1. Roughly what would the spin-label model give for B:T432 and A:Q167, points 7 Å off Cα along C-beta, in nm?
2. Relative contact order (percent) for chain B, with alpha-carbon contacts under 8 angstrom and 6 or more residues of separation?
3. As an exercise, identify the trypsin sites (Lys or Arg not before Pro) in region B:388-461 lying in DSSP coil whose Cβ has no more than 11 other Cβ atoms within 10 Å.
4. Return the distance in nm (one decimal) between the two label points of a simple spin-label model at B:N348 and A:N293, each offset 7 Å from Cα along Cα→Cβ.
5. So what is the relative contact order for region B:2-227, in percent, with contacts set as C-alpha pairs under 8 Å and at least six apart?
6. As a footprinting exposure proxy, order B:I133, B:I413 by other Cβ within 10 Å, with the fewest listed first.
7. May I ask you to list the residues of region A:245-274 whose amide nitrogen lies under 18 Å from a point 7 Å from Cα along the Cα→beta-carbon direction of A:H26?
8. Assuming R0 = 56 Å, can you tell me the calculated FRET efficiency for the pair B:D357 and B:S156, based on Cβ-Cβ distance, to the nearest 0.05?
Amino acid sequence: MPEEVNDMPFSIPREEFMEPGHTACHGCGATLAMRYVLKALGKDTVVSVPASCWAVIPGAMPNRTLNVPMVYTPFAATGASITGLRVAMDILGKEDCNVVGFAGDGGTADIGLQSLSGAMERGHNVFYIMYDNEGYMNTGVQRSGSTPYGAETTTTPVRAERNFKHQQKKVVADLMMAQGVPYVATATVAYPEDLIRKIVNAKKIAGPKFIQILSPCPTGWYFPTEKTIEISRMAVQSGMFPLYEYSNGKLRVTKPSKTISIRDYVSVQDRFMHLDEEDVSNLQSAVDQRMKNLLDRERETSGA
Amino acid sequence: MGQFWIFINTFTRYWLSGIVWKQTVIIMSRNEVIFRVAGAAGDGVQSAGTIITKTLARSGLYAFTYNYYQDIVRGGQSWYQVRGSDVPVTNQGDGLDILIALNQDGLERHTNPEINEGGSSPLSGIAIYDQSITVFEKRNVNYVPMPLSEIAARYSKNPLLKNTVAIGAAFASIGTDFEVLAGVISDTFGKKGAVAEQNVNAAREGYDLYLKNYKPIDVKLKTSKRRLYVISGGHAIGLGAVKAGCKMYIGYPMTPASSCLEFMTNHSQKFQIFVKLPEDEISAINMAIGANYAGVRAMTASSGGGFSLMVEALGMAAMLEVPLVIYEAQRAGPSTGLPTKTEQADLNLVIGASQGDFPRIILAPRNVKECTTLTAEAFNLAERFQTPVIVMSDLFLAENFQTVEDLNFDFRIDRGYLASENAEDYRRYLITENGISPRSFPGMKGLMHNEDSDEHNEYGDVVSDAVTDPKDRIKMMEKRMRKMETYLKEMPPTDTYRAEDAEYLVFQWGSTQGAVEEAIDILREKGIKVGAVELSRIFPMNRDISTIIRSRKKLIVVENNFSGQLNRLLRSEFLCKTELVRKFDGEAFYPGALAQELETIVRRK
């Protein structure tokens with residue numbers, strides 16, 4: 001277990017496995033996601049990364065930002081890659097080594113979904129971390145299945161025709177829950193203790209684990225770089241990105257102590273600036289419906 | 001072309017009117033200028049380059065851009081070169097007249113005679129930079145330190161405004177009318193009213209300050225009233241598809257195919273095209289096959305990585321005899337390779353993709369204009385021959401901008417051989433002399449048939465299940481492959497450049513046209529009888545090549561790859577002896593260096 005600080009019941013381990021030298025944009029949420037995941041898992045970890053922002057930000061030569069081994073995998077194949085790594089580690093007698101797939105939302109919700117679903121179904125002892133920045137940010141902000149309703153991207157340019165993304169976000173964590181993956185959780189960088197606690201909990205389960213981490217992207221969401229944490233927190237408070245933990249059939253939804261409206265959330269990001277009242281209320285009702293479904297599910301599973 | 005460059009020293013060029021002088025005698029001002037903006041990603045290098053390009057174009061000057069960038073969002077080192085002239089320019093060119101250095105690294109790197117970034121030249125003119133950069137390695141160039149940041153700070157908090165000041169100074173140095181630049185700047189920042197005004201005023205200060213303190217450089221460009229479009233190959237391919245009546249574009253983002261995807265997305269409403277970004281390339285190609293089967297012209301696009309995922313479906317389209325247009329934009333491989341660099345190393349992949357033998361047509365536009373015409377042609381060919389047609393470009397062609405004088409929009413759509421409703425004894429795969437059978441769309445009356453990826457007979461019934469009929473198999477295979485014979489007979493003659501009396505023939509394909517032609521001009525000027533064979537319809541190979549190559553002293557193949565993929569193809573098709581000039585450092589050919597390499601081969605015994 002990584003070293004813990006003593007003045008809080010559970011806090012962020014001091015040890016760093018991600019060091020200075022990455023080349024991400026200022027205010028990148030995905031770098032924090034990696035940093036916290038590694039803090040929680042410790043040194044004995046191998047990470048597999050497909051085409052994504054994380055494929056280009058671990059450091060430009062001669063810098064290298066990760067202090068654990070990292071392997072690249074084709075875009076569609078993160079699930080297959082971690083399967084191979086896991087089996088190899090077991091053959092080599094390294095059962096304690098953590099195998100982590102670290103993929104973006106395009107590589108998870110779109111092209112990698114089949115491979116992810118296969119890996120989870122096979123039941124290997126692996127982590128699949130989806131860092132969700134809600135679009136193909138590395139290739140220039142294209143929409144993905146995980147882009148929320150209402151967002152502008154370069155493939156959904158708004159203009160006069162109001163051609164923003166009209167489909168609702170595909171939430172992969174929900175799909176994984178439906179598939180019955182032993183451990184599924186959502187987390188975000190504004191709540192690092194929660195994030196780390198979830199990784200540590202997941203580690204206790206010797207099976208597949210899926211954790212979706214909302215990672216705000218100033219470049220693609222069009223907000224000032226110093227607002228990443230604030231927006232990450234607002235995503236939870238507004239219900240856009242509910243935090244939950246689904247472990248061995250039981251769902252636990254974290255209720256934020258303060259709630260805000262969708263209007264509050266969208267008004268601080270330029271990717272939503274074109275939305276009118278009707279669009280916002282569409283989004284609000286979809287968000288409310290999903291929250292209701294989650295709470296219903298929580299009630300059902302706790303009673304069981 | 002008709003304009004010839006002479007190389008006296010390696011990196012010094014002079015405009016000569018027919019006479020070659022030794023050493024350093026300048027006859028008259030040159031009629032071209034090369035700008036380079038250098039900085040880190042996020043410094044506004046590309047936007048500055050775009051403003052320069054548009055200003056040249058609006059002055060009625062020809063321009064060609066070259067974007068040297070890395071696949072990180074911030075930092076690193078990148079630069080954007082713009083070559084401008086009053087005669088058409090077809091490549092990024094040798095030499096460097098005006099450097100706008102946005103940081104110390106840029107200033108040192110591009111004034112260093114040892115520079116080697118894939119063949120780009122070091123500075124031989126003026127370097128414009130912020131005067132706060134005081135510590136750097138001095139070279140023998142004209143330094144133009146200016147208070148760029150200071151001026152910019154008076155107008156806005158945005159530090160990138162200093163680039164506009166530098167651009168103002170750069171255009172002062174070649175005597176461009178300031179109003180043209182002001183117009184481009186206003187349009188660029190137009191949406192943001194006050195910002196546009198700030199930028200224009202900042203540029204004017206840079207412009208005036210240069211004129212006050214420095215002499216213009218020795219460049220004379222004849223401006224004109226001609227209207228020029230500034231367009232990249234990726235955009236031109238999109239335009240070609242629009243012209244051909246493409247109504248559905250399915251693309252998954254991958255550099256450098258994304259420039260076409262962006263064009264289609266941005267114009268989808270205007271041209272009424274359904275543009276979708278599916279979950280992967282397997283979906284992309286199959287969606288396009290579905291649309292084409294139903295009778296709607298559809299295309300898909302990717303780079304080599306995405307094309308690799310499309311491979312299985314490619315052969316299926318050929319077996320079903322469904323028309324299909326695929327745009328394949330090459331970048332430096334293998335695997336992720338150099339995602340922001342150019343290469344021509346996917347020819348083997350595209351020619352060999354998918355199991356079994358089937359007809360396919362591969363086109364490789366040589367320039368931006370041809371991107372439009374050949375893509376449009378691809379749609380007609382796909383429907384005429386009911387088979388996949390692949391249009392290949394590379395990052396160099398797809399992403400760099402060129403000025404184009406006129407884009408020809410005359411185009412006749414040919415939908416090929418279609419069956420009429422209620423035809424008697426309809427056979428979808430009718431055996432014909434030219435191999436082309438009557439196509440029908442779902443819902444057409446009386447044309448019931450199967451389309452099957454298994455081997456089938458004329459009706460489309462599977463012949464591989466209960467009993468395989470070897471005779472049917474042979475007939476159908478021969479029918480499909482006869483389409484290639486028919487196409488070969490219809491192919492227009494292969495294009496050549498100064499080849500009539502050439503003793504040495506250079507083979508090029510795709511985007512290397514500009515550099516190859518300019519290299520040939522340089523060698524011709526030296527009295528070397530050299531010409532080029534230009535393959536824009538690269539597969540199947542036109543049989544007239546066997547006549548063209550007859551009684552030449554040497555055949556030299558020029559390619560942006562390691563193994564010489566065209567070279568191998570030419571040797572196997574025409575049993576000829578060839579020599580190879582290759583480049584696989586991720587950068588395009590430069591005409592001067594290419595001329596030297598060709599000359600070495602020509603002079604080798």
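1. 3.8 nm
2. The normalised contact order for chain B reaches 12 percent.
3. Passing sites in region B:388-461 are B:R412, B:K445.
4. Roughly 4.9 nm, to one decimal.
5. Rounded, it is 20 percent for region B:2-227.
6. Ranking B:I133, B:I413 by Cβ neighbours within 10 Å, fewest first, gives B:I413, B:I133.
7. It comes to A:269-270, nothing else.
8. 0.35
A short reminder: the numbers here are calculations on the coordinates, not readings from a lab. Note that the structure is predicted; figures quoted are calculated from it, not measured. With ideal geometry, Cβ positions are generated from the backbone for all residues, glycine too; neighbour counts draw on all protein chains shown.
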